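Worksheet: one structure, shown below.
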Amino acid sequence: MKNKFIQLTMIATMLTACNAPTNKEVADDFKYADEQFADLQMLRYKVQGFEDLTLKQKELVYYLSEAALEGRDILFDQNGKYNLTIRKMLETVYTDFKGDKTDDNFKGMETYLKRVWFSNGIHHHYGSEKFVPAFTPDFFRAALKTVDATKLPLAEGQTVDQLCDEIFPIIFDPAIMPKRVNQADGEDLLLTSACNYYAGVTQKEAEDFYAKMKDPNDPQPVMFGMNSRLVKENGKIQEKTWKVGGLYTEAIERIVYWLDKAKAVAENDQQKAVIEKLIQFYNDGDLKTFDAYAIEWVKDLDSRIDFVNCFTESYGDPLGMKASWESIVNFKDMEATKRTETISANAQWFEDNSPVDKRFKKETVKGVSAKVITAAMLGGDLYPATAIGINLPNSNWIRSAHGSKSVTIGNLTDAYSKAARGNGFSQEFVISPAEIKLMETYGDITDNLHTDLHECLGHGSGKLLPGVDPDTLKAYGSTIEEARADLFGLYYLADDKLVELGLTPDAEAYKAQYYSYMMNGLMTQLVRIDLGNNIEEAHMRNRALIARWALEKGAADKVVEFVKKDGKTYVQVNDYKKLRDLFGQLLAEIQRIKSEGDFNAARELVENYAVEIDPTLHAEILDRYKKLNLAPYKGFINPVYTAVKDAEGNITDVTIDYTEGYAEQMLRYSNEYANLPYRN
Ligand code: ZN
């Protein structure tokens, strides 16, 4: 599972942005923000601490990074059967076109190609709708005829015109393959989705196929279907497994080649066992082997370097079974991990001192020790759009029997925040320079700390009364649960204990998070919602619930209020101490609702505070946000690692470079890691 904070934290992070750089930022001339196009902005992340790794560790990062890049074409093909062909056509025109490259059609094609690279296909990475090309079929056909035809992805005996006839409807006809993943209830989700996980199979056929495999009494069920395409050929339904010797063998063999090298420089026996099991799985495609690999991976806690490299997340399959390929190579951020360890070590103190009724507290509580990692390479479904937190493995029985690893990717969060500095967001929405200064000074620290408290303590705190069914709150359950975790963090951010533990620098710091939280919950998170719609997503509902409840309950004392300046609405916090008391009161109430399973109270809170939006305020916020011309989605350009070798071919150093451009990187990847046939 990817951290569900992803999208919202981006917004929260933007809130901590500021125009005026502090001295620290002046010294840091790293270029976090790169080019912007369509609704996307490219960023760069800094691999802080890479230089301090040992040579052997650097070598390991290098091999795993190569393995991370070799799977890129798998994802393109998983996302749609024509993606590799279309990418090659676009790239060839992009690099070899002899005509006018300043022409609107060419520019339109360039933007389209950049979006295809970003999405690993022709559908939006987030919304999954097909891109609308801003160039004409006539232009593209003529352009394709000016380039060297041997560079084009022609099928056996196919002419350029025939290629255009085959592919153009896929690009230009909005009725064909309109969505990558269709979730509309009542339609055949497989026949109406463009993803390439099924071929010629109806939803019913696929569901029946897998229902037959499942044994409801198996205590250790494998994740059926996760590593194959389901096809109907000659009337027979069968799986084409992604493995060495199977589908995608060309890419998987390259991945295994690099994993073999990585195995030789593994940090310890446990890590070696992880890599061995993964290689075995890529070879046999057996889902039992995959589970064995996942178990070894969960047990590998002592290594500095860690990685994901496999078929992992199933968001891209409308039936939620087939897993997209992805990879991340990372190493533990020792300094930041101390922070989460300190929090976890004091878990019992936090539980004992919370404002919650004693009956609902845990007698013994164990904090979850989530580690903070530094990303060193992103690949597949984590590139260029990525998560800021990951919790794996996905298999439920492995999670209960062996646990899971939860990570926060510190350098990516940091890059989001640094890149947002000076984008005008704070200037537009924060009420005064004093609050901006507050967020500039303490924003990053308290943002990270709030996330840590939420994850390491919030979700794990409290208990249900005996006999209360955990699903009693039904559709309101996840909003209440997120509110509980958020409030736990908000309440404690202002506690002297945090200063005492060295987690916050002083007793003022929490105000930065309090201000940004209220501003976000009352106003700015609305920029993600179209006018006329309600708040739907659980994290967004939770934030609205907390902020609006505190606004209303503190109204008599003017704890927080809306203020108008020059016709614009702002949030003003007048009394931070009282705001903390309100958070404490709501935490106690939310915990009561959860512990007692009080469905009616949950419904009332959510429906009253967290769903509807004032249309006038919403329109104003959207209008102000639009004028800032910010890209709502971000992705990352990877660094480039180079192995320095001696005369015998031994690696003597691995260097890192951050200067590669977006298009340059994508073209290089398409050149160096294009290991699959165009039509699979
Ligand atoms: Zn949560």
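The values are calculated or read from the model by the stated rules, or taken from the named source; none is laboratory data. Because the structure is predicted, anything quoted here is derived from the model rather than measured. Don't worry about glycine lacking a Cβ; one is built from the backbone with ideal geometry, like all the others, and counts go over all protein chains shown.
On inspection, residue 647 does not qualify as touching a residue at least 40 places away in the same chain (Cβ under 8 Å) and either closer than 19 Å to residue 65 by Cα or not polar (S, T, N, Q) (or both).
Residues that are of a type in the set (Gly, Ala, Ser) and within 24 Å of the chain's Cα centre (by Cα) within the stretch 427-463 comprise 443, 458, 460, listed in sequence order.
Report whether or not residue 578 is surrounded by 14 or more Cβ atoms within 10 Å (Cβ to Cβ), basic (Lys, Arg) and modelled with pLDDT of 95 or more.
Working: surrounded by 14 or more Cβ atoms within 10 Å (Cβ to Cβ): yes; basic (Lys, Arg): yes; modelled with pLDDT of 95 or more: yes.
Against the criterion (surrounded by 14 or more Cβ atoms within 10 Å (Cβ to Cβ), basic (Lys, Arg) and modelled with pLDDT of 95 or more), residue 578 qualifies.
Residue-wise test of (1) charged (D, E, K, R); (2) more than 17 Å from residue 583 (Cα to Cα).
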residue	(1), (2)
484	yes, no
488	no, no
491	no, no
496	yes, no
506	yes, yes
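Looking only at residues of the stretch 213-246 that are hydrophobic (A, V, I, L, M, F, W, C) and over 15 Å from residue 310 (Cβ atoms), we find that the one that is nearest to the chain's Cα centre (by Cα) is 224.
Out of curiosity, is residue 140 surrounded by 19 or more Cβ atoms within 10 Å (Cβ to Cβ), touching a Gly at 6+ places or on another chain (Cβ under 6 Å) and more than 19 Å from residue 679 (Cα to Cα)? No; evaluated as a whole, the condition is false for this residue. For the stretch 316-366, residues that are aliphatic (A, V, I, L, M), under 30 Å from residue 211 (Cα atoms) and crowded, with 24+ Cβ neighbours inside 10 Å total 1. The residues of the stretch 597-613 that are loosely packed, with under 14 Cβ neighbours inside 10 Å and outside any helix (DSSP H, G or I) amount to a single one, 612. Scanning the stretch 628-680 for residues that are touching a helix residue (DSSP H, G or I) at 6+ places or on another chain (Cβ under 8 Å) and of a type in the set (Lys, Arg) turns up 634, 679.
All of (1) surrounded by 17 or more Cβ atoms within 10 Å (Cβ to Cβ); (2) under 22 Å from residue 38 (Cα atoms) hold for residue 81 with one exception: (2). Restricting to the stretch 527-568, what's the tally of residues that are at positive phi and in contact (Cβ under 8 Å) with a residue 12 or more places away in the chain? So the count comes out to 2.
Which residue is nearest to residue 181 (Cα to Cα), if the candidates are limited to the stretch 103-145 and must be part of a loop (DSSP other than H, G, I, E, B) and within 18 Å of the chain's Cα centre (by Cα)?
128
Residue check: residue 537 meets all listed conditions (1) over 21 Å from residue 443 (Cβ atoms); (2) at pLDDT 95 or above; (3) surrounded by fewer than 23 Cβ atoms within 10 Å (Cβ to Cβ) but one, namely (2). Anything in the stretch 393-420 that is over 14 Å from the mean Cα position of the chain (by Cα) and at pLDDT below 85? List them, or say none. 396, 399, 400, 403, 404 - these are the residues of the stretch 393-420 that are over 14 Å from the mean Cα position of the chain (by Cα) and at pLDDT below 85. Take the conditions of a type in the set (Ser, Thr, Tyr), within 15 Å of the ligand (Cβ to nearest atom) and either closer than 17 Å to residue 336 by Cα or surrounded by 15 or more Cβ atoms within 10 Å (Cβ to Cβ) (or both) and apply them to residue 451. Does it pass? Yes; evaluated as a whole, the condition is true for this residue.
Where helices (runs of 4 or more DSSP H) fall wholly inside the stretch 457-561, the ranges with 2 or more residues that are more than 16 Å from the ligand (Cβ to nearest atom) are 496-500, 510-522, 538-553. One residue alone among 301, 278 is assigned to a helix (DSSP H, G or I) and of a type in the set (A, V, I, L, M), and that residue is 278.
Taking the options 506, 496, name whichever one is loosely packed, with under 15 Cβ neighbours inside 10 Å, more than 25 Å from the chain's Cα centre (by Cα) and under 17 Å from residue 444 (Cβ atoms). Talk me through it step by step, then tell me what you get.
Numbers: 496 fails: under 17 Å from residue 444 (Cβ atoms).
From the options 506, 496, the qualifying one is 506.
Could you tell me whether residue 513 is crowded, with 23+ Cβ neighbours inside 10 Å and within 30 Å of residue 565 (Cβ to Cβ)? Yes.
Whether a residue is more than 16 Å from the ligand (Cβ to nearest atom), surrounded by fewer than 23 Cβ atoms within 10 Å (Cβ to Cβ) and closer than 25 Å to residue 405 by Cα was assessed, and residue 445 passes this test. Test residue 258 against the stated conditions and say whether it is within 19 Å of residue 382 (Cβ to Cβ) and surrounded by fewer than 21 Cβ atoms within 10 Å (Cβ to Cβ). Judged against the criteria, residue 258 is a match. Residue 588 is checked against (1) of a type in the set (Gly, Ala, Ser); (2) surrounded by 19 or more Cβ atoms within 10 Å (Cβ to Cβ); (3) in a helix (DSSP H, G or I); (4) more than 16 Å from the ligand (Cβ to nearest atom) and fails just one. What number does that condition carry? Failed condition: (2).
The single condition among (1) modelled with pLDDT under 90; (2) under 29 Å from residue 126 (Cβ atoms); (3) away from the ligand (no atom under 16 Å from the Cβ); (4) of a type in the set (S, T, N, Q) that residue 369 does not meet is (2). Checked against (1) in a helix (DSSP H, G or I); (2) more than 16 Å from the ligand (Cβ to nearest atom); (3) among the hydrophobic types (A, V, I, L, M, F, W, C), residue 431 passes all but condition (1). Residues of the stretch 98-126 that are closer than 20 Å to residue 137 by Cβ and in contact with a Leu (Cβ under 6 Å, 6 or more places away or on another chain): 113 alone.
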